[in-house]
Every structure is written in structure tokens, then in C-alpha cells.
Amino acid sequence: MPRNYLHILDMTREEAHAALKRAKVLKEGDVRTKLLDGKTVILIFEKASTRTRVSFEIGVRHLGGQTVFLTQHESQLGRNEPLKDTARVLSRYADALVVRTFGQEKLETLVKWGSIPVVNALTDQHHPCQVMSDVLAMYERTPDLPSLKVGWVGDGNNMAHSWIESAQLFGFELVLACPAGYTPDPGILAAAKAAGARVTLTADPAAAARDADYLTTDVWASMGQESEQQRREVAFEGYQLNSRLLSLAKPGCKVMHCLPAHRGEEISEEVFEMNADMIFDEAENRLHMQKAILEWVFEAL
Ligand code: CP
Ligand code: NVA
């Protein structure tokens, strides 16, 4: 059975900690290996991407492998060839799939019908590679993760779900402030709480910000929700990470953002630029963390 990385909880607590430590070593030593020598990773992207695509393309090369990049526009995916057929074909050519798509069930179909590992490069439900990279950025500054309070202010979206699952694995406290109608999947929240995660949901951004060590947010309208932009701007009023909200946090609190950012919406220009060191570390960490995730996928970690 190949190892798949569809969401944060595909790794055990021990594996996730090992991946974090390994990513730090890969980063600090600018490590290149031959793990993927002679291997090909196919990237299937049905949504736009700058960071994820480029960091995977380069990360695979750092491990000695090569990539093929595919979108629905120039492949038969856009002409309704069944995913289960695509999975069986690509499994005969390549060694892993890295996939950015809409529903999580599409990844599950690729896993069910294919025979090579599948890595989630963002779905509507999860963005595990990003949140692991964000956790690495916190870990580099404050290795005692269970001592931290992290506040999420904004949409209960794919990023929020991966943050909830990472709170379960890494033991930090997570307070999510989301407006009514835009809260995270209750099943994901309930499962994390049942597993002992210290996760709280509120509608009050101040509750998330108060005494936080780290604050994080994401766009109000994710990819695929462009037509909801105006409605969401109304619903998310008051959910901006700005200096007023930041004044409630612990002194030295760092603000995170997975990027791309919409200044003046979920984050103010001032708060963004004050935290640029953290935010661009998160972006850089995509490269290092995904190399560690690929090592785990190929059972070298
Ligand atoms: N954060 C992130 O996934 O960025 P891209 O959409 O540019 O890949
Ligand atoms: N929630 C955002 C994350 C982008 C990296 C989206 O899905 O568009």
C-alpha cells in the first residue's frame, strides 16, 4: 500500500514531529539527495498556484527526481475523462501524484484507482503541506509548541481545517474566530476535540487574539468562491488582522499568512509588512517541508 498524504492526520504524531525536525535539517543544510533518482512525480493542478507548484517542482529536483506538470486545460481531465481511468494510466508512468483540486473525494478516487502515492497540494477541505510549513516557521522560533496559543481569524476553510488537525498533532492551543455561516466543518472540529485537541470556536476575533503567541488568517474568498467575494466582504467585516486586534495579543506575537494576501481585507498592510519575516519564512518552508513530506511518502523518514 503506498503512503498517501491527503490531510495532516495521515501522519502520526511521531511521524509529524520527525518530519518537522527533518525539514529543519534539510533547510539548514540546504540538503540535496538522490532519493528520487530515476523517479517522476506528476503534478496535477486544477487551480492556480505560485508557491505550491514551484516549491514542489524544485523540491523534487533537490531529491534527484523529475516532474511533469498537468492541468485540466490541456489534458483529457477537462474533457471529462473519468478520474479513475486517469489514475490507472498515470500510475503506469510515474511514481507519485501531487494534486491541487476541488473536492477531497477526487484525491480519494485517485488513491482508490491508482497504485502510486497521492499528495494533497490543496483541496477545498485541506491544505496540509502549507500548514506543516507554517508549523515549522513557529517551531523554528518557539520549539515548545504545546506552550503556544495560536489564534485563527477568518474563514473556516481548508487552511482552518488543517490548522485544527495540526493542533491535535502538535498540542498547541488553537482558538478560531469565524463569523456565523463560515465556521469549520463540525466533523473535523469534533474529531479533533474528541482526540484531546485544545481547539475552541468563537465568533469573537478578540477571543482569538487575546494573549496569542501567533495569529493567522487567510483570504475571505478562496479559489472557486470568487462569485461570493462581495457577500463575504460584508460577512467578514471586523475579522481583519490589524494593529487594533494585534494589541490584544502577547507582546512579540507574530502574524502568519499562507499567501496570497489581500491587504485591506483579511490583513492590514501595516500588520502584513511588520510580519513579513514570518510570512516569507512560511513561504520558504514550503520547499523544505515538502521535501520532508516526500521523504515520508517514499518511506525514507
Ligand atoms: N499558499 C499557497 O498554497 O500558495 P499558492 O496558491 O501560490 O500555491
Ligand atoms: N484558502 C485559500 C488558500 C490559498 C493558498 C484557497 O483555497 O484559495
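The values are calculated or read from the model by the stated rules, or taken from the named source; none is laboratory data. Note that the coordinates shown come from a computational prediction; the quantities given were computed from them, not determined experimentally. Cβ atoms come from the backbone with ideal geometry, glycine included; neighbour counts cover every protein chain shown. In case anyone asks, the SASA skips ligands and DNA or RNA and just uses the protein heavy atoms, side chains included. Shrake-Rupley method; radii C 1.70, N 1.55, O 1.52, S 1.80 Å.
Can you tell me which residue among E105, E15, E46 is within 16 Å of ligand 2 (Cβ to nearest atom), among the acidic types (D, E) and within 27 Å of M1 (Cβ to Cβ)?
E46
Scan the range 68-83 residue by residue and report those that are surrounded by fewer than 13 Cβ atoms within 10 Å (Cβ to Cβ) and either at positive phi or in contact with a helix residue (DSSP H, G or I) (Cβ under 7 Å, 6 or more places away or on another chain) (or both).
N80
Out of the range 1-30, which residues are in a loop (DSSP other than H, G, I, E, B) and of a type outside the set (G, A, S)?
M1, P2, R3, N4, L6, H7, M11, T12, D30
Which residues, counting only those in the range 54-75, are under 22 Å from S222 (Cα atoms) and free of Cβ contacts under 8 Å to residues at least 40 places away in the same chain?
V54, L70, T71, Q72, H73
Could you grab me the full set of residues in the range 176-198 that are open to solvent by 10 Å² or more (accessible area, probe 1.4 Å), in contact with a strand residue (DSSP E or B) (Cβ under 8 Å, 6 or more places away or on another chain) and either of a type in the set (D, E) or not in a loop (DSSP other than H, G, I, E, B) (or both)?
Hits for the range 176-198 are L189, K193.
Which of the residues belonging to the range 80-100 are under 25 Å from the mean Cα position of the chain (by Cα) and in a loop (DSSP other than H, G, I, E, B)?
Correct list: A94, D95.
Looking at L215 and the list (1) touching a residue at least 60 places away in the same chain (Cβ under 8 Å); (2) crowded, with 21+ Cβ neighbours inside 10 Å; (3) within 16 Å of ligand 2 (Cβ to nearest atom), which single condition is not satisfied?
(3)
Hey, does the range 243-254 have a residue that's within 16 Å of ligand 1 (Cβ to nearest atom) and either open to solvent by less than 20 Å² (accessible area, probe 1.4 Å) or of a type in the set (G, A, S) (or both)?
no
Would you confirm whether or not the range 96-107 contains a residue that is among the charged types (D, E, K, R) and in contact with a helix residue (DSSP H, G or I) (Cβ under 9 Å, 6 or more places away or on another chain)?
yes
Condition (residue is within 16 Å of ligand 2 (Cβ to nearest atom), under 19 Å from P128 (Cβ atoms) and in a loop (DSSP other than H, G, I, E, B)) applied to the range 237-246: is it met by at least one residue?
Checked the range 237-246: no residue is within 16 Å of ligand 2 (Cβ to nearest atom), under 19 Å from P128 (Cβ atoms) and in a loop (DSSP other than H, G, I, E, B).
How many of the residues making up the range 31-56 are in contact with a strand residue (DSSP E or B) (Cβ under 9 Å, 6 or more places away or on another chain), under 14 Å from V297 (Cβ atoms) and assigned to a loop (DSSP other than H, G, I, E, B)?
2
Can you tell me which condition R53 does not meet? The list is (1) within 16 Å of ligand 1 (Cβ to nearest atom); (2) farther than 25 Å from H257 by Cα, and all the others hold.
Failing condition for R53: (2).
Looking at A177, A203, which is the one that is of a type in the set (G, A, S), in contact with a Gly (Cβ under 8 Å, 6 or more places away or on another chain), closer than 22 Å to S243 by Cα and more than 16 Å from ligand 1 (Cβ to nearest atom)?
Residue meeting the stated conditions: A177.
Tell me, yes or no, whether the range 149-157 has at least one residue that is under 20 Å from Y5 (Cα atoms) and either surrounded by 24 or more Cβ atoms within 10 Å (Cβ to Cβ) or within 16 Å of ligand 1 (Cβ to nearest atom) (or both).
yes
Any idea which of (1) under 20 Å from A221 (Cβ atoms); (2) open to solvent by 40 Å² or more (accessible area, probe 1.4 Å) is the one S268 doesn't satisfy?
Result: S268 passes all but (2).
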